[in-house]
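Notes follow once the structure below has been shown.
The values are calculated or read from the model by the stated rules, or taken from the named source; none is laboratory data. Since the structure is predicted, the reported quantities are computational estimates derived from the model, not experimental observations. No Cβ is skipped: glycine too gets one built from the backbone with ideal geometry, and neighbour counts run over all protein chains shown.
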Amino acid sequence: MLMLILNVVYVLVALAMIALILMQRGSGAAAGSGFGAGASGTVFGARGASNFLSKSTKWLAVVFFGISLFMAWYASHGSRPADQGVGLMGAVEAVAPAAAPAAPAGELQPLPAAPAAAAVGDVPQATAPAENIPAKSEEKPVEPAQKD
């Protein structure tokens, strides 16, 4: 429940920051005041909106980063059972390879023995059903077409 409330507050703070940042005047806005655009600053008082908007943006940014840090800490240290694995591979048990004699330092380990090779043309029954395998008598070798 705490994370749900924090997520809602987090989104609202982010939207408020976006609105306040877009309402602020840029550094080049002072040049426009000479051409009649300076009258808009009287809405927030004689000093303009920069003081109120910049302080509000500062405190919203502090709250935003504070919530971000807390949610990151909670996600990594939050209440989670001790036997729960981390990530997709957490549930997979580690399989120890067969014990092989250790090679002397500086030498490569010997490769494991390869499985027995199947005869050419053998199709494993697990991968292809018997009805899809043509009989040996039905197979015809493909002869290349001869050009005259």
(message) Going by what's in this entry, would residue 40 be described as of a type in the set (Gly, Ala, Ser), modelled with pLDDT of 60 or more and either within 18 Å of residue 7 (Cβ to Cβ) or part of a helix (DSSP H, G or I) (or both)?
(response) no
(request) Output the qualifying pairs, or none if there are none: Cβ atoms under 9 angstrom, residues six or more apart or on different chains, first residue in region 19-32 and on the phi < 0 side of the Ramachandran plot and outside any helix (DSSP H, G or I), second residue at pLDDT below 90 and among the aliphatic types (A, V, I, L, M). (result) 24/49; 24/53; 25/49; 25/53
(message) So in region 44-58, with the set limited to residues that are modelled with pLDDT of 60 or more and not polar (S, T, N, Q), which one is surrounded by the most Cβ atoms within 10 Å (Cβ to Cβ)?
(response) 53
